[in-house]
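The values are calculated or read from the model by the stated rules, or taken from the named source; none is laboratory data. Predicted model, so just to flag it, every value in this text is computed and none were measured. Cβ sites come from the backbone with ideal geometry, for glycine too, and all protein chains shown count toward neighbours. To get the accessible areas, we keep the full protein, side chains included, count just its heavy atoms, and leave off ligands, DNA and RNA. Shrake-Rupley method; radii C 1.70, N 1.55, O 1.52, S 1.80 Å.
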Amino acid sequence: MSLTDRETLAALHGMIFGALFLLAFAGGFAGLYSLRPALLTPQGIVERSRRLMAGTWAMALVAWATVITGTFIVYPWYRAKGPTSAKSILLSNVNTADWHNFGMEWKEHIAWIAPILATVVAVIVAYYGVRLVKHPRLRIVLLIVFTLAFASAAVAGLFGAFITKAAPIH
């Protein structure tokens with residue numbers, strides 16, 4: 001099996017960065033959820049807080065890498081001029097036109113929400129550090145914001161996968 005340069009960059013954008021995003025989300029979510037004084041020793045809180053900070057920043061950075069590579073590398077290939085571009089292929093068929101008209105138009109905007117929200121969580125985790133353990137309501141808010149970041153990335157990723165299946169980038 002061989003991949004073209006475009007296929008390699010598209011795989012990096014969607015599969016590699018996407019997988020890293022999922023791992024960072026799972027770790028960050030578990031870290032936020034379990035950061036409770038009753039469950040941890042003072043040394044455990046310090047260690048868990050460091051890991052949480054690293055995990056939330058990793059998720060934010062991977063989300064930014066995914067959106068930036070998608071917007072500035074993969075997306076221009078999708079919108080290229082000519083009858084063989086993915087956009088033209090989708091729009092040329094009444095059965096697939098909605099993948100562009102709704103799916104791609106929505107995907108290109110919602111994807112930017114993920115890194116913004118993930119960065120909000122990372123900044124708040126970094127600001128509070130070990131003090132976050134004393135703020136259960138803030139942790140709940142962070143869990144919600146973190147989940148919204150994940151959900152927006154999941155919607156964008158699903159649309160991206162379905163659109164690529166319907167009209168691959170060559």
| request: Hey, can you find the accessible area per residue of the chain for me, probe 1.4 Å, expressed in square angstrom? | output: 58 Å²
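Rounded to the nearest whole Å³, what is the per residue volume of the convex hull around the Cα atoms of segment 40-123?
97 Å³
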| query | How far apart, in nm, are two points set 7 Å out from the Cα along the Cα-to-Cβ line at Tyr33 and at Ser88? | reply | 4.8 nm
| Distance between segment 97-118 and segment 124-170 - C-alpha centres, whole angstrom | 14 Å
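Can you order the peptides 109-120, 12-23 by their average number of other Cβ atoms within 10 Å per residue, highest first?
109-120, 12-23
I'd like the projected area of segment 1-60, averaged over all directions, using the convex hull of its alpha carbons. Report it in nm² with one decimal.
Details: hull surface 20.2 nm².
Spelled out: convex hull of the Cα atoms, projected over all directions, averaged, 5.0 nm².
Length gain on complete extension for the stretch Arg50 to His170, per 0.36 nm per residue less the alpha carbon to alpha carbon distance? Don't skip to the answer; put the middle values down first.
Details: separation 120, 0.36 × 120 = 43.20 nm, distance 4.27 nm.
The span from Arg50 to His170 would gain 38.9 nm if fully extended.
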| remark: If one builds a Gaussian network model of the chain from Cα atoms under 10 Å apart, the most fluctuating residue listed among Lys87, Lys134, Lys107 is Lys134
| So which lysines pass the test for Lys107, namely a Cα distance under 25 Å, with those fewer than 8 places away in the same chain ruled out? | Lys81, Lys87, Lys165
| query | Nearest 0.05, what FRET efficiency do Phe102 and Lys81 give at R0 = 22 Å with Cβ-Cβ as r? | reply | 0.50
| field | Estimated inter-spin distance, Val130 and Asn95, nm [label 7 Å along Cα→Cβ] | value | 6.2 nm
| task | Convert 10 °C to kelvin, take the viscosity as 1.306 mPa s, use the Kirkwood radius over C-alpha pairs of the chain as Rh, and evaluate the Stokes-Einstein diffusion coefficient in µm²/s, rounded to a whole number. | result | 92 µm²/s
| Between Asp5 and Phe72, what is the label-to-label distance in nm when each label sits 7 Å out along the Cα-to-Cβ direction? | 1.7 nm
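Helix by helix, which DSSP H runs in the chain go 27 Å or more along their axis at the Cα atoms and have an average Kyte-Doolittle hydropathy of -1.0 or more?
Working: long enough: 42-69 (40 Å, 0.51); 136-166 (45 Å, 1.66).
In the chain, the long hydrophobic H runs are 42-69, 136-166.
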| note | Of every hundred units of 1.4 Å-probe accessible area on the chain, the number belonging to carbon and sulfur atoms, as a percent, is 72 percent
| message | Rounded to two decimals, what is the ratio between the C-alpha radius of gyration of segment 90-136 and 2.2 N^0.38 Å? | response | 2.01
| query | Treating the beta-carbon of each Lys and Arg as +1 and of each Asp and Glu as -1, no other charges, what is the dipole magnitude of segment 100-170 about its Cα centre, to the nearest 20 debye? | reply | 420 debye
